[in-house]
Amino acid sequence: ALYEAAHVILTKPLKGCTQLKGWAMRIARRGGMKKAKVALARKLAVILHRMLADETIFNPAVTPIAVA
């Protein structure tokens, strides 16, 4: 499900996920689209885990993107 969400984020024009999409597109340029989708799916899993642990709601404006 997260891979499908990553696919949609990378292939459709969506509002609110530009920071995540930009991060994944930089990976896609270096390693290819499949790797970027897997990396984005993992990042989404980490964000969801932190949301569950901290009981916070998703706010794309303040989502920290770690540079790896």
20 Å Cα-Cα reach of K12 towards aspartates and glutamates, excluding residues that sit fewer than 8 places from it in its own chain
E4
Rounded to whole Å, give me the distance from the Cα center of segment 30-52 to that of segment 1-23.
10 Å
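Under DSSP H, which helices of the chain have Cα atoms covering 18 Å or more of the helix axis and a Kyte-Doolittle average no less than -0.5? Show your work: numbers first, answer last.
Working: long enough: 18-31 (19 Å, -0.68); 33-54 (31 Å, 0.44).
Flagged H segments are 33-54.
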Would you compute, from DSSP H runs of 4+ residues alone, the mean residue ellipticity of the chain at 222 nm, taking -39500 (n - 2.57) per run and dividing by the full residue count, rounded to the nearest 500?
-22000 deg cm²/dmol
Accessible surface of the chain, 1.4 Å probe, proportion on carbon and sulfur as whole %:
63 percent
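Excluding ligands, DNA and RNA, what is the solvent-accessible area per residue of the chain at a probe of 1.4 Å, expressed in Å²? List each step's numbers first, then the result.
Numbers: 5000 Å² over 68 residues.
Normalised by residue count, the accessible surface of the chain is 74 Å².
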Return the distance in nm (one decimal) between the two label points of a simple spin-label model at M25 and Y3, each offset 7 Å from Cα along Cα→Cβ.
2.4 nm
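The values are calculated or read from the model by the stated rules, or taken from the named source; none is laboratory data. Quick caveat: nothing in here was measured; it's all calculated off a predicted structure. Note that we place each Cβ from the backbone using ideal geometry, even for glycine, and neighbour counts take in every protein chain shown. Side chains included, ligands, DNA and RNA excluded: accessible areas come from the protein's heavy atoms. Shrake-Rupley method; radii C 1.70, N 1.55, O 1.52, S 1.80 Å.
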